[in-house]
Amino acid sequence: MEEFLLGCDWGTSSFRLRLFDINREQVTGQITSDEGIAAMHRSWQNLNEPSNNTTKADFFRRYLEKQVVLLSQESSVDLEYLTIIISGMASSTIGMLDVPYANLPFALDGSNAIIKRLHSADDFPHEIILISGARSENDVMRGEETQLIGLSALLEQSGTRPKDGVFIFPGTHSKHMYIKNGSLINFNTYMTGEVFNIMSNHSILKDSIQKDDEKKLSQADADAFKLGVQKSKETGILNGLFTVRTNQLFNKLDKKQNFFYLSGLLIGEEMNYLLRDEALDIFVCSASNLNDFYKMAIEELNLSGRTSTVSADLVDKAALAGQNEIFQRHILNK
């Protein structure tokens, strides 16, 4: 009987490997790095010259092996032969192996998740289980579907699992996932974080803002953020973005305040559509400092009455909980 499981959350720009005690349902050690799938793919491409026959899967295995050794040293547990289950971009075209997406509707118990098993070998004594991701007619995701499975299980354990509503996972590419009767029926991706990065670093607006490194938000900064949210309701995003420049030209906001105004403008643009359906329950799921900004945007848009915030602790546990649900159902057949 399996006592431990190695759960790996391997995104585009980050890597996290955790040792999970199945019986106690707790993490007993973890390793993190910024060696995401995109960086690994570039490294493999640079290595894979005509004289080199290293397959992409083997290249990724070598990196995993090093991380398993580090985790074994940190946790003082012999990790040889343990299964590694991986969610995120490892199952994409730039990952270890391209695994087809699961289609909607997607059951939150993980029953129709698609997995690919990579068997162990003499030089790598770990079976790898790749989780595929999910797709709609116009959208795709890898990793968030596993988080959603795990979050659903964790909420059910606490007796607070909702049947219907939209789950929002803020981030570089925010995901808005529509749940009905225990299944994911649709989702939309919003490039909020990426557009913020492009606008603040690579556009004419970069000279009109100044990044804030202080952890505590001043009242003036919060007011500027809320002003951006309100502006998102009044005008389209293309015109709204240019007001970041005129704010600075006309001395309406200083550059630091303009940083938060731009954030409010983009998060407000992401959230405005929620005003259309007054019966839709909203669940914000963030383990990062974005939580405070989404909370402010929700308050400014008068959505607080039908919005719940999932605790950061549960969100942080969600990916591994989802991996365990899939492992139990598809591998242990429970």
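The values are calculated or read from the model by the stated rules, or taken from the named source; none is laboratory data. As the structure is a prediction and not an experimental result, all values here were calculated from the model. Glycine also receives a Cβ, built like all others from the backbone with ideal geometry; neighbour counts cover every protein chain displayed.
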Test: residue in the range 134-150 that is touching an Asp or Glu at 6+ places or on another chain (Cβ under 7 Å) and farther than 23 Å from D313 by Cα: yes
As an exercise: evaluate I179 against (1) within 23 Å of S14 (Cα to Cα); (2) part of a strand (DSSP E or B); (3) of a type outside the set (D, E); (4) in contact (Cβ under 8 Å) with a residue 60 or more places away in the chain and give the number of the one condition it does not meet. (1)
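If you go through the range 226-240 one residue at a time, do you hit one that is assigned by TED's automatic domain parsing to the domain that holds K211, in a loop (DSSP other than H, G, I, E, B) and either among the β-branched types (V, I, T) or closer than 19 Å to F169 by Cα (or both)? Break it down stepwise before answering.
So in the range 226-240, the residues assigned by TED's automatic domain parsing to the domain that holds K211 come out as 226-240.
Next, only the ones that are in a loop (DSSP other than H, G, I, E, B) stay: 235-236.
Next cut, either among the β-branched types (V, I, T) or closer than 19 Å to F169 by Cα (or both) only: 235.
Taking every residue of the range 226-240 in turn, at least one turns out to be assigned by TED's automatic domain parsing to the domain that holds K211, in a loop (DSSP other than H, G, I, E, B) and either among the β-branched types (V, I, T) or closer than 19 Å to F169 by Cα (or both).
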Output the residues belonging to the range 181-197 that are over 16 Å from E270 (Cα atoms) and at pLDDT 95 or above. S183, L184, I185, N186
Do we find a residue being at negative phi and in a strand (DSSP E or B) anywhere in the range 190-213? yes
Output yes when any residue across the range 192-206 is assigned by TED's automatic domain parsing to the domain that holds Q257, touching a Phe, Trp or Tyr at 6+ places or on another chain (Cβ under 9 Å) and among the hydrophobic types (A, V, I, L, M, F, W, C), and no when none is. yes
What are the pairs with Cβ atoms under 6 angstrom where one residue, in the range 258-278, is among the β-branched types (V, I, T) and the other, located anywhere, is crowded, with 23+ Cβ neighbours inside 10 Å? Sequence gap at least six, or different chains. I267/A297
Find the residue count for the range 163-176, including only residues that are more than 21 Å from W10 (Cβ to Cβ), in a loop (DSSP other than H, G, I, E, B) and not basic (K, R). 1
